[in-house]
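Novice: Mind having a look at this structure? Questions to follow.
The values are calculated or read from the model by the stated rules, or taken from the named source; none is laboratory data. Since the model is a prediction, treat every value here as computed from it, not as a measurement. A quick note on method: Cβ atoms are made from the backbone with ideal geometry, for glycine too, and the neighbour counts reach across all protein chains shown. Ligands, DNA and RNA are excluded from the accessible area calculation, which covers all protein heavy atoms including side chains. Shrake-Rupley method; radii C 1.70, N 1.55, O 1.52, S 1.80 Å.
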Amino acid sequence: MEIKALDETVKGWLQVSRQQILAAMQQPLTVATKSNRNDLVTNVDKANQAFLIKQIHAAFPDASIEGEEGQAAKADRLVGLVFFVDPIDGTMNFVKQQANFAVMIGVYQDGQPLYGAIMDVMRNEVISGGPDLKPNLNGEPLTPPLDRPFAASLVGISGPMAIKNRLHLGELGLASSGVRMSGSAGMEFKSIALGRLGGYVSWLQPWDVAAGLAIGQGFGLVVTRGDGQPLDLLEAGVVVAGMPQVHAAFIAGMNA
């Protein structure tokens, strides 16, 4: 696959997606809960996923899709071309703040990352990249993030995990330069790519991590489970993403 052509195609989808989301935000939202009162889904999530799935099927009819909303778009194996779609990442932020949410697409071939794109909808910023495409922001190359020591790095940690000190993450947050919590995996991966965070830990679904993992392949991001093992991108679980020094410190501290 020609990655630059894929990049232009996906960015085109995301721009149309953004315009549709902004238009929908001018109308009343239909909000429902999924697994709990803070796990929200809106009519906009569902409509945007349907739009993106339609584009993917038209351009890549043989591709499988792993999408967040509903069971119609579910991949059962990582064989061939697989698109991971998160139509609104940070739905609580979308509903409550109308800011700090993203649309994410990750593309994989036989389980290996090819490409990722994260659109910060309200800022109209798209970070994209992959193993064979240097990370860029709206087409402009990004300077690779620095690999700083843990104590000198700001880190992103899931709010509940930090507050409850799960896996020693509250203690680790205090050992860092400071903790930031955006409520959106896409915003956290964007901050890492821009050098604003050294790493991020949360419990994530495949569509939460696929785009960021792929983009991170272009600048040395390390992404594993909490025990340091590789991810299974068809399973949810704890994800540790970080530049090498921060990732190593997270893994050591979480498993102490």
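Novice: Out of the strands (runs of 3 or more DSSP E) lying entirely within region 2-71, which hold 3 or more residues that are at pLDDT 90 or above and surrounded by 14 or more Cβ atoms within 10 Å (Cβ to Cβ)?
Specialist: Working: elements: 31-33, 40-42, 64-67.
Fully inside region 2-71 and qualifying: 64-67.
Novice: Still on this structure, please answer the following. Could we say that Ile157 is touching a Phe, Trp or Tyr at 6+ places or on another chain (Cβ under 7 Å) and under 20 Å from Asn100 (Cα atoms) here?
Specialist: Working: touching a Phe, Trp or Tyr at 6+ places or on another chain (Cβ under 7 Å): no; under 20 Å from Asn100 (Cα atoms): yes.
Judged against the criteria, Ile157 is not a match.
Novice: Right, Asp232: in contact with a strand residue (DSSP E or B) (Cβ under 9 Å, 6 or more places away or on another chain), part of a loop (DSSP other than H, G, I, E, B) and of a type in the set (D, E, K, R) or not?
Specialist: Details: in contact with a strand residue (DSSP E or B) (Cβ under 9 Å, 6 or more places away or on another chain): no; part of a loop (DSSP other than H, G, I, E, B): yes; of a type in the set (D, E, K, R): yes.
Spelling it out, it is not the case that Asp232 is in contact with a strand residue (DSSP E or B) (Cβ under 9 Å, 6 or more places away or on another chain), part of a loop (DSSP other than H, G, I, E, B) and of a type in the set (D, E, K, R).
Novice: Yes or no: Met104 aliphatic (A, V, I, L, M) and not in a loop (DSSP other than H, G, I, E, B)? Talk me through it step by step, then tell me what you get.
Specialist: Details: aliphatic (A, V, I, L, M): yes; not in a loop (DSSP other than H, G, I, E, B): yes.
Criteria met by Met104.
Novice: Among what's in region 200-220 and is more than 13 Å from Val246 (Cβ to Cβ) and of a type in the set (Val, Ile, Thr), pick the residue that is surrounded by the most Cβ atoms within 10 Å (Cβ to Cβ).
Specialist: Ile215
Novice: Now for a different question. Can you pull out the strands (runs of 3 or more DSSP E) entirely within region 117-199 that have at least 2 residues that are under 20 Å from Phe250 (Cα atoms) and open to solvent by 20 Å² or more (accessible area, probe 1.4 Å)?
Specialist: Numbers: elements: 125-130, 133-137, 154-157, 178-180.
Of the strands (runs of 3 or more DSSP E) lying wholly inside region 117-199, those with at least 2 residues that are under 20 Å from Phe250 (Cα atoms) and open to solvent by 20 Å² or more (accessible area, probe 1.4 Å) span 178-180.
Novice: Taking the stated definitions as given, is Val223 open to solvent by less than 20 Å² (accessible area, probe 1.4 Å) and within 13 Å of the chain's Cα centre (by Cα)?
Specialist: Criteria not met by Val223.
Novice: If you take the residues in region 235-256 that are open to solvent by 20 Å² or more (accessible area, probe 1.4 Å) and assigned to a loop (DSSP other than H, G, I, E, B), which one is farthest from Leu197 (Cα to Cα)?
Specialist: My answer is Glu235.
Novice: Further, regarding this structure: For Trp203, all conditions in the list (1) part of a strand (DSSP E or B); (2) touching a Phe, Trp or Tyr at 6+ places or on another chain (Cβ under 6 Å); (3) not charged (D, E, K, R) hold save one; what is the number of the exception?
Specialist: The one condition Trp203 does not meet is (2).
Novice: Continuing with this model, one more query. Among the numbered criteria (1) hydrophobic (A, V, I, L, M, F, W, C); (2) at pLDDT 95 or above; (3) closer than 25 Å to Asp232 by Cα, which single criterion is violated by Leu78?
Specialist: Just one mismatch for Leu78, condition (2).
Novice: Tally time: how many residues in region 27-54 are under 17 Å from Val121 (Cβ atoms) and of a type in the set (D, E, K, R)?
Specialist: 2
Novice: Go through region 82-101 and count every residue that is part of a helix (DSSP H, G or I) and out of contact with any helix residue (DSSP H, G or I) (no Cβ under 9 Å at 6 or more places or on another chain).
Specialist: Residues of region 82-101 that are part of a helix (DSSP H, G or I), as a first pass: 91-96.
If we keep only those that are out of contact with any helix residue (DSSP H, G or I) (no Cβ under 9 Å at 6 or more places or on another chain) too, we end up with 92, 95-96.
Of the residues in that region, 3 qualify.
For every residue, the table says whether it meets (1) hydroxyl-bearing (Ser, Thr, Tyr); (2) out of contact with any strand residue (DSSP E or B) (no Cβ under 8 Å at 6 or more places or on another chain); (3) in contact (Cβ under 8 Å) with a residue 60 or more places away in the chain.
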| residue | (1), (2), (3) |
| --- | --- |
| Phe101 | no, no, yes |
| Met104 | no, no, yes |
| Met119 | no, no, yes |
| Asn124 | no, yes, yes |
| Leu137 | no, no, no |
| Leu142 | no, no, yes |
